[in-house]
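Engineer: Encoded as structure tokens, here's the structure I'll be asking about.
The values are calculated or read from the model by the stated rules, or taken from the named source; none is laboratory data. Keep in mind it's a predicted model, so treat the numbers as computed, not measured. Cβ sites come from the backbone with ideal geometry, for glycine too, and all protein chains shown count toward neighbours. Remember, those area values only see protein heavy atoms, side chains included, never the ligands or the DNA or RNA. Shrake-Rupley method; radii C 1.70, N 1.55, O 1.52, S 1.80 Å.
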Amino acid sequence: MLALPCAVSKARVAAAASIPLGTGILLGASLFCLVALLTFVSCTIIVRYAAAANVCSYGELVTQKFGRRGSILLQCAITVHVSGVMVGYNVIIADMLVGSAPNFTGMLPTVLNRHDNPWWLARPAVLAYLMVGVVCPTLIPRSLRAVARFSSFSVCMLFVLATAIAGLAAAAVAEGRVAPGVHLLPAAAALGPSPFQMLNNILTVISVSALAFTCQFNLLPIKHSLRGPSPNGMLRVLLLGLALCAPLYATVAIKGEHPGLGQGAKGERAGQLGRCLPGAAYPWWWGGLAWGYALFGQGVEGDVLKDLTVRFVSGLVPRTTALLVVYGVALSYTLCLLANFVLKVWAVREAVVEMVVQRPAAHLPPGPFYAITAALVALAYFISVLVPSIYGLLALVGATATVVFSYLFPSLLVLKGGSTGAQRAGAGALLALGAAMSLTAVYDHLTGQGLE
């Protein structure tokens, strides 16, 4: 979710200089709505085909329709996706609590007045404290019900973040300090110098947005946890979830640049704490979109919280209030990400175990169960220590692994199921979009054009 602003406001082209680009509010919001619609379509396919096949998991459905090889491909895609998100969570936490070189202006160095990056306050050390002291103890229970309450807690923390950004943006608007780069429509030159580059940049936005909406591999377990589970009941839950999450994500998705944080401040800002959320200010239903856009511009980093710094917020509210806002957001969102990290470990562990031994992880003896859990946490930790920015990672994951379980298999289910001509045409279009997203992401990274 925190990479959405970068996707919408900072697509780059491979010119002599990397030129910051922006989709504008209208095009960005339209692409965002398109991804939400595609998510609902793909989820509907999974739920209805699973009900017809009388299976309880996405993996079982794919195994039944496409055999063992199809199931392995699905589980590999889920594993790569969830692992990438876990790494992203750790990078964001380290950005907020420690910051980046050379300034290290995160919350902890600022509070302790230690910006010299001592080993005990470095990013690897702080992440290690959290993995050992918070994450590992919460992974001891073997029942998902024991940690399910973390999900609602994380949503509450997201609302804290969105509320803080909306409040700051309102203060900026009231003072007439809206960023000069805010625009409704993109100029043709802003999307790219050629039709191919324009399409490439648009597909990049769709890829990161698709990553924010991924829920396909959790659908069927959630369905069977409902009272009186039914396809229609699950789809109503899905609609409600999209209706709640889409506006919240939109508040974090489109941003502009504050006049006081222009390109000259970008190097210093790169190591600072926090990031902000986007918004649009026109029709009421995308009011959140322009909130963050009014604060920041096209110089956005790969995760949105890095822009929300004490220095920046102090220009809008008194310094004491700025400290409370920035540190409150940092702490609340750290707890949110840790809670989600625990839930992601459950998801990736299930995928790995089902892929290797073809049975649920809950059926494993305690030794293998906790060994796999510890290995997954350790792997996410070590990779996150080595990854400086999450945007390139999330863009590639969103356009490859996420495409497999979000677009590829749902499309193939329809194409193989002997549906109507219109349904098959729609499935073909969904499949083509997924293929285009994957090809452009791989092309960008091979040619060095991917966002960082």
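Engineer: Go through (1) surrounded by fewer than 16 Cβ atoms within 10 Å (Cβ to Cβ); (2) farther than 30 Å from Ala322 by Cα; (3) modelled with pLDDT under 90 one by one and return the number of the condition Val147 breaks.
Structural biologist: So the condition that Val147 fails would be (1).
Engineer: Still on this model: Can you find a residue in region 196-217 that is surrounded by fewer than 21 Cβ atoms within 10 Å (Cβ to Cβ), modelled with pLDDT under 70 and not aromatic (Phe, Trp, Tyr)?
Structural biologist: No, because not a single residue in region 196-217 is surrounded by fewer than 21 Cβ atoms within 10 Å (Cβ to Cβ), modelled with pLDDT under 70 and not aromatic (Phe, Trp, Tyr).
Engineer: Select from region 1-57 the residues that are under 25 Å from Met86 (Cα atoms), assigned to a helix (DSSP H, G or I) and open to solvent by 10 Å² or more (accessible area, probe 1.4 Å) and write down the one among them that is modelled with the lowest pLDDT.
Structural biologist: Selected residue: Phe32.
Engineer: Let me ask something additional. List the residue pairs whose Cβ atoms are under 8 Å apart, where the first residue sits in region 360-373 and is aromatic (Phe, Trp, Tyr), the second is surrounded by 17 or more Cβ atoms within 10 Å (Cβ to Cβ), and the two are 6 or more positions apart or on different chains.
Structural biologist: Listed by first residue and then by second, the contacts come to Phe369/Ala361.
Engineer: Here is a follow-up. Considering only residues that are among the charged types (D, E, K, R) and outside any loop (DSSP other than H, G, I, E, B), look in region 82-131 and name the one that is surrounded by the most Cβ atoms within 10 Å (Cβ to Cβ).
Structural biologist: Within region 82-131, the match that is surrounded by the most Cβ atoms within 10 Å (Cβ to Cβ) is Asp95.
Engineer: Further, regarding this structure: What is the residue count in region 218-238 for residues that are modelled with pLDDT under 75 and either of a type in the set (Phe, Trp, Tyr) or in a helix (DSSP H, G or I) (or both)?
Structural biologist: So the answer is 1.
Engineer: Taking Phe153 as meeting all but one of (1) open to solvent by 10 Å² or more (accessible area, probe 1.4 Å); (2) within 23 Å of Ala361 (Cα to Cα); (3) within 20 Å of the chain's Cα centre (by Cα), write down the number of the exception.
Structural biologist: Evaluating Phe153 over (1) open to solvent by 10 Å² or more (accessible area, probe 1.4 Å); (2) within 23 Å of Ala361 (Cα to Cα); (3) within 20 Å of the chain's Cα centre (by Cα) leaves (2) as the failure.
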